[in-house]
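*Asks:* One structure is given below, represented as structure tokens, and several questions about it will come after.
The values are calculated or read from the model by the stated rules, or taken from the named source; none is laboratory data. Since this is a predicted model, take the numbers as computed values, not measurements. Glycine also receives a Cβ, built like all others from the backbone with ideal geometry; neighbour counts cover every protein chain displayed.
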Amino acid sequence: MRVLLVNAHPDDVEFTCASTCKQMVDLGWEVYEILMTSDEYGTVRDDFKGERIRRIRKNEMVEAAKVYGINEDGTPKIKLIWFGEIDGHLRFNREVFLRLKNMVIDINPDIIIGPDSFYSMDLHPDHKHTGWLIYLLVQSLEPKKRPTLLLYHSFNTNFYIEIKNIKIQVEAWSKHRSQTRPIFNKILVPLRRLFYFLRRIKTGPIIAEGFRKVDFSREENLIKNTLHKIVYYIFATEMDGPDRYHPTPEELGLFPQK
Ligand SMILES: [Zn+2]
């Protein structure tokens with residue numbers, strides 16, 4: 001089996017499907033991960049924004065990926081691919097769509113995992129654009145050739161994978177050292193346990209990572225249920241504003257890479 005994760009930022013896996021990812025690596029599946037951006041704004045310090053934090057975040061991502069399993073030569077089993085869009089400014093256009101589509105066709109995965117941009121618990125613009133891109137991209141393939149598409153960040157989950165090792169998430173997350181502190185790592189495990197415990201309303205006796213498995217039926221992304229509408233409204237109005245993304249990419253000398 002070949003799996004492709006498409007994430008907006010380094011560390012998105014750690015917060016959404018770390019256990020699933022670990023199980024896939026352990027099964028010997030080939031796991032690819034496309035990172036759409038390199039977290040160029042992943043710091044509160046203006047003097048680190050841009051090239052400097054990008055270098056740090058790329059190194060931290062490699063260390064985090066190693067937690068899921070390493071090859072004999074010490075490299076992570078997960079194959080990381082840096083797409084080259086800019087954090088907070090991920091473009092949703094034809095050029096990006098076609099380049100991503102070509103990458104997906106080359107990798108030819110059986111399963112794609114990425115963010116849900118429709119029933120989404122996280123409508124950060126980069127997540128939203130990544131979710132739209134992968135949804136439209138898989139939809140544009142011939143139905144018989146479409147990989148299974150599983151979406152995380154979804155509040156309308158219908159597909160669950162049991163969590164075998166809840167600690168893997170924090171083990172990997174702690175490698176993103178510029179983003180966390182040991183004290184946060186300590187409180188993260190009980191917080192995640194609580195989250196997964198609450199989700200047992202849907203998953204019964206097990207704790208599980210939840211996804212929305214899409215079937216590309218008409219209207220599957222239309223939010224009709226009133227509760228879902230309220231949830232969507234809350235998440236849609238609570239996401240990152242533009243404040244975090246100053247100075248501008250141009251001021252930092254950043255341009256999308258190819
Ligand atoms: Zn993210």
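*Asks:* Does L35 satisfy the criteria of being assigned to a strand (DSSP E or B) and within 16 Å of H124 (Cβ to Cβ)? Before you say what the answer is, go through the steps one by one.
*Replies:* Details: assigned to a strand (DSSP E or B): yes; within 16 Å of H124 (Cβ to Cβ): yes.
So L35 passes the test.
*Asks:* Go through (1) at pLDDT 95 or above; (2) within 16 Å of the ligand (Cβ to nearest atom) one by one and return the number of the condition T43 breaks.
*Replies:* Looking at each condition in turn, T43 falls short on (1).
Residue-wise test of (1) within 16 Å of the ligand (Cβ to nearest atom); (2) in contact (Cβ under 8 Å) with a residue 12 or more places away in the chain; (3) not polar (S, T, N, Q).
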{"position": "E162", "(1), (2), (3)": "no, yes, yes"}
{"position": "E171", "(1), (2), (3)": "no, yes, yes"}
{"position": "H176", "(1), (2), (3)": "yes, yes, yes"}
{"position": "R181", "(1), (2), (3)": "no, no, yes"}
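*Asks:* Output the residue which, of all residues in segment 91-140 that are assigned to a strand (DSSP E or B) and within 16 Å of the ligand (Cβ to nearest atom), is modelled with the lowest pLDDT. Break it down into steps so the answer makes sense when it comes.
*Replies:* Pass one, segment 91-140, residues assigned to a strand (DSSP E or B): 111-115, 120.
Of the ones still in play, those that are also within 16 Å of the ligand (Cβ to nearest atom) are 113-115, 120.
Values: I113: 98, G114: 98, P115: 98, S120: 93.
Per the stated criteria, the residue is S120.
*Asks:* Something else now. Quick check on segment 43-90: of everything there that is among the small types (G, A, S) and part of a loop (DSSP other than H, G, I, E, B), which residue is farthest from the chain's Cα centre (by Cα)?
*Replies:* Here is the first cut: in segment 43-90, the residues among the small types (G, A, S) are 50, 64-65, 69, 74, 84, 88.
When the remaining residues are screened for being part of a loop (DSSP other than H, G, I, E, B), the result is 50, 69, 74, 88.
Details: G50: 21, G69: 19, G74: 24, G88: 14 Å.
Filtering segment 43-90 for residues that are among the small types (G, A, S) and part of a loop (DSSP other than H, G, I, E, B), the one farthest from the chain's Cα centre (by Cα) comes out as G74.
*Asks:* Moving on. How many of the residues making up segment 57-99 are of a type in the set (A, V, I, L, M) and crowded, with 20+ Cβ neighbours inside 10 Å? Quick ask: steps written out before the conclusion?
*Replies:* At the first step, the residues of segment 57-99 found to be of a type in the set (A, V, I, L, M) are 61-62, 64-65, 67, 70, 78, 80-81, 86, 90, 96, 98.
After this cut, where a residue has to be crowded, with 20+ Cβ neighbours inside 10 Å as well, the list is 61, 64-65, 67, 78, 86, 90.
Residues in segment 57-99 being of a type in the set (A, V, I, L, M) and crowded, with 20+ Cβ neighbours inside 10 Å: 7 in total.
*Asks:* When N71 is evaluated against the numbered criteria (1) over 14 Å from L252 (Cβ atoms); (2) in contact with a helix residue (DSSP H, G or I) (Cβ under 7 Å, 6 or more places away or on another chain), which criterion, by number, is the only one it fails?
*Replies:* It fails just one condition, (2).
*Asks:* Considering segment 12-32 alone, what residues qualify as being buried (at least 22 other Cβ atoms within 10 Å of the Cβ) and not in a helix (DSSP H, G or I)?
*Replies:* Across segment 12-32, the qualifying residues are C17, V31.
*Asks:* Applying the selection to segment 233-258, what residues are at pLDDT below 90 and of a type in the set (S, T, Y)?
*Replies:* Hits for segment 233-258 are Y233, T237, Y245.
Let's see how each residue does on (1) of a type in the set (A, V, I, L, M); (2) surrounded by 15 or more Cβ atoms within 10 Å (Cβ to Cβ):
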residue: K167; (1), (2): no, no
residue: E171; (1), (2): no, yes
residue: P182; (1), (2): no, no
residue: F197; (1), (2): no, no
residue: G204; (1), (2): no, no
residue: A208; (1), (2): yes, yes
residue: E220; (1), (2): no, no
residue: Y232; (1), (2): no, yes
residue: E251; (1), (2): no, no
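*Asks:* Need at least 2 residues that are basic (K, R) per element, so show me which strands (runs of 3 or more DSSP E) inside segment 142-258 make the cut, counting only ones lying wholly within it. Before you say what the answer is, go through the steps one by one.
*Replies:* Values: elements: 148-152, 159-162, 208-213.
Here the list reads 208-213.
*Asks:* Report yes if P76 is at pLDDT below 95 and either within 16 Å of the ligand (Cβ to nearest atom) or under 18 Å from L5 (Cβ atoms) (or both), otherwise no.
*Replies:* Working: at pLDDT below 95: no; either within 16 Å of the ligand (Cβ to nearest atom) or under 18 Å from L5 (Cβ atoms) (or both): yes.
Spelling it out, it is not the case that P76 is at pLDDT below 95 and either within 16 Å of the ligand (Cβ to nearest atom) or under 18 Å from L5 (Cβ atoms) (or both).
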